[in-house]
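Engineer: Take this structure first; my questions come after.
The values are calculated or read from the model by the stated rules, or taken from the named source; none is laboratory data. Bear in mind the structure is a predicted one, so any value in this text is a computation, not a measurement. For neighbour counting, all protein chains shown are included, and Cβ atoms are generated from backbone atoms with ideal geometry for every residue, glycine included. Each accessible area value is taken on the protein alone, full model and side chains, heavy atoms only, with ligands, DNA and RNA left out. Shrake-Rupley method; radii C 1.70, N 1.55, O 1.52, S 1.80 Å.
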Amino acid sequence: MDQKLISVVCAGCTCLCDDMDVTISDGQILESPACRRAHRWFDRLNVEPVCKIDSEKSDFSEAISNAVELLEQSRSPIVCGLDGLSTQSQILAFEIAKQVRAQVDTTVTSKYRSSVLAMQNVGNVTASLGEVSTRSDLIVFWYCDPVTTHPRFIDRYCKTAGKIIVVSEAGNATSERADQFIQIRREEMGQFIARTRLCTEGKSETTHESAEFANSLMGAKYGAFVIGSLDLNPTINENTQSLVELVQTLNQRTRFVSIALRDDANAQSAENVLTWSTGYPFAVNLLGEHPQFNGVEFSAEKVLAGGACDVALICSAYSLNSLSRPAQENLSRISQIVITDEPGSLDIQPKVQFNVNFDEGDWCRMDDVSLPVVNFLQTGGAKQRTARAVLTAIRARLV
Ligand code: SF4
């Protein structure tokens with residue numbers, strides 16, 4: 001029989017749209033207003049739970065025993081890939097890392113580290129997406145392309161924006177929908193931001209494009225910067241920091257906020273878990289008596305590329321393909337325990353593998369608002385097994 005579900009939350013991207021009415025029948029979606037991006041997430045709801053040891057099917061308890069043995073015998077384990085997990089499972093992953101004295105990192109990519117490091121340095125003026133969608137009359141998409149990466153963002157959150165400006169290295173799908181497109185090369189970005197800031201402070205009367213841009217910003221009653229990944233090297237966060245400082249300066253004249261348009265699933269929640277548990281947001285070394293943090297030194301990418309671990313517990317293989325080649329090569333040489341709800345995209349053959357359903361629980365939207373996400377195709381079903389079940393079993397067996 002057909003079943004209509006109201007206001008389902010989609011975890012297909014960090015928008016976490018919570019307005020979807022979905023019709024399902026026999027575990028299949030018949031009708032939904034979701035965007036094309038959501039379909040990848042729908043596939044993660046219906047995974048056949050399978051355990052493998054050395055690529056051979058095994059039963060759950062044997063696979064758990066093998067995973068526990070590998071972790072207990074390891075001299076230098078890493079626990080990473082927390083970004084495809086619910087907050088509840090991220091807490092379990094951290095507890096396992098603490099128990100086996102591992103290096104722990106939120107994701108396997110260092111892509112959004114610069115926005116976190118910039119926030120640590122200078123703070124951030126931000127707001128909820130609800131506030132942005134009801135108050136902003138100007139939205140600036142800075143080095144991002146939400147039409148491609150977060151397809152419903154503009155329709156949901158730019159309702160009151162009379163003007164949309166896109167600043168980017170090259171035109172994209174979002175700039176085609178914008179009122180204005182400003183092309184800035186990445187290496188000239190810092191200079192452009194600095195000039196704009198001088199104009200907003202009344203310290204420069206340049207005729208440069210930045211003066212016109214500054215006038216648009218100061219003419220807004222409520223503006224929002226939606227920021228992509230600005231600094232490719234995560235240890236250099238100058239551009240991100242300059243932009244955050246520009247937003248702070250603008251608040252002397254009008255109201256402005258910024259939000260990072262992240263594309264790394266639930267990594268923000270993982271950063272929250274690590275911060276409240278250790279004081280550090282990512283890449284934490286738990287090998288010694290006290291947690292250690294040194295920028296990206298203990299990040300999954302660095303640790304794997306440097307061959308500084310002998311067992312990897314990858315709690316979600318969500319962004320495994322974004323590892324550098326040296327990191328991927330070293331990863332293939334050590335024992336891996338991989339939990340994945342996208343088994344089809346896995347390029348490695350782990351020592352122990354758990355294919356699981358999407359991990360329902362609390363997920364963090366890009367503005368840090370936590371929402372409960374359910375697997376509406378499987379909730380309560382006999383076939384359901386999630387990362388949380390695997391991590392709970394490993395945690396229970398560690399002494
Ligand atoms: S924009 Fe993102 S959260 Fe919203 S329906 Fe599409 S994939 Fe899902």
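Engineer: Using the alpha-carbon atoms, what tilt in degrees (0 to 90, nearest 10) does helix 209-218 show relative to the longest principal axis of the chain?
Structural biologist: 80 degrees
Engineer: Also, quick follow-up: Enumerate the amide H contacts of S258 below 5 Å, restricted to partners 5 or more residues apart or on another chain; note that Pro and chain-start residues carry no placed amide H.
Structural biologist: Hits under the 5 Å cutoff: V125, T126, A127, F225.
Engineer: Could you report the chain's accessible area per residue, 1.4 Å probe, as an integer in Å²?
Structural biologist: 42 Å²
Engineer: Quick one: order H39, H208 from most to least accessible surface, probe 1.4 Å.
Structural biologist: Accessible-area ranking of H39, H208, largest first: H39, H208.
Engineer: Here is a follow-up. So, in Å, what gap is there between the alpha-carbon centers of segment 68-124 and segment 334-399?
Structural biologist: Distance between centres, Cα-based: 15 Å.
Engineer: Still on this structure, I have one more. Taking the alpha carbon gyration tensor of segment 300-361, what are the square roots of 5 times its eigenvalues, largest first, to the nearest whole Å?
Structural biologist: 20, 11, 10
Engineer: While we're on this one: Tell me, what ³J(HN,Hα) does each residue in segment 345-362 have, in order and in whole Hz, if you take phi through Karplus 6.51 cos²θ - 1.76 cosθ + 1.60 with θ = phi - 60° and put x for Gly and Pro?
Structural biologist: 9, 7, 8, 10, 10, x, 4, 10, 10, 10, 8, 10, 7, 3, 8, 6, x, 8
Engineer: A follow-up question, please. If you roll a 1.4 Å probe over the chain with all protein chains in place, what percent of the accessible area is carbon or sulfur?
Structural biologist: Values: 7620 of 16800 Å².
Here carbon and sulfur together make up 45 percent of the probe-accessible area.
Engineer: Once the whole set of protein chains is in place, how much accessible area is left on D43, using a 1.4 Å probe, in Å² to the nearest 10?
Structural biologist: 110 Å²
Engineer: Let me ask something additional. Helix 189-200: angle to the longest alpha-carbon principal axis of the chain, degrees 0 to 90, nearest 10?
Structural biologist: 40 degrees
Engineer: Please give the Cα centre distance for segment 177-226 versus segment 1-24, rounded to the nearest Å.
Structural biologist: 38 Å
Engineer: Tell me the accessible surface of E187 in square angstrom (1.4 angstrom probe, heavy atoms of protein chains only), to the nearest ten.
Structural biologist: 130 Å²
Engineer: Further, regarding this structure: Could you work out the helix-only [θ] at 222 nm for the chain, with each DSSP H run of four or more residues adding -39,500 (n - 2.57) and the total divided by the number of residues, to the nearest 500 deg cm²/dmol?
Structural biologist: Values: 15 runs with 138 residues, N = 399.
Taking each H run of at least 4 residues, the total per residue is -10000 deg cm²/dmol.
Engineer: If I fit a long axis through the Cα atoms of helix 113-122 and take the longest principal axis of the Cα atoms of the chain, what angle between them do I get, 0 to 90°, rounded to 10?
Structural biologist: Compared with the principal axis, the helix lies near 60 degrees.
Engineer: What is the magnitude of the charge dipole of segment 113-260 about its Cα centre, with +1 placed on the Cβ of each Lys and Arg, -1 on the Cβ of each Asp and Glu, and no other charges, expressed in debye to the nearest 20?
Structural biologist: Values: 15 positive and 16 negative charges, 95 e Å.
Using Cβ point charges on Lys, Arg, Asp and Glu, segment 113-260 gives about 460 debye.
Engineer: Still on this structure, I have one more. So if I average 1/r over every pair of distinct C-alpha atoms in the chain and take the inverse, what Kirkwood radius in Å does that give?
Structural biologist: About 22.2 Å for the chain.
Engineer: Something else: So what's segment 1-109 giving for Rg/Rh, alpha carbon basis, Kirkwood Rh from the mean inverse pair distance?
Structural biologist: Rounded to two decimals, Rg/Rh equals 1.08.
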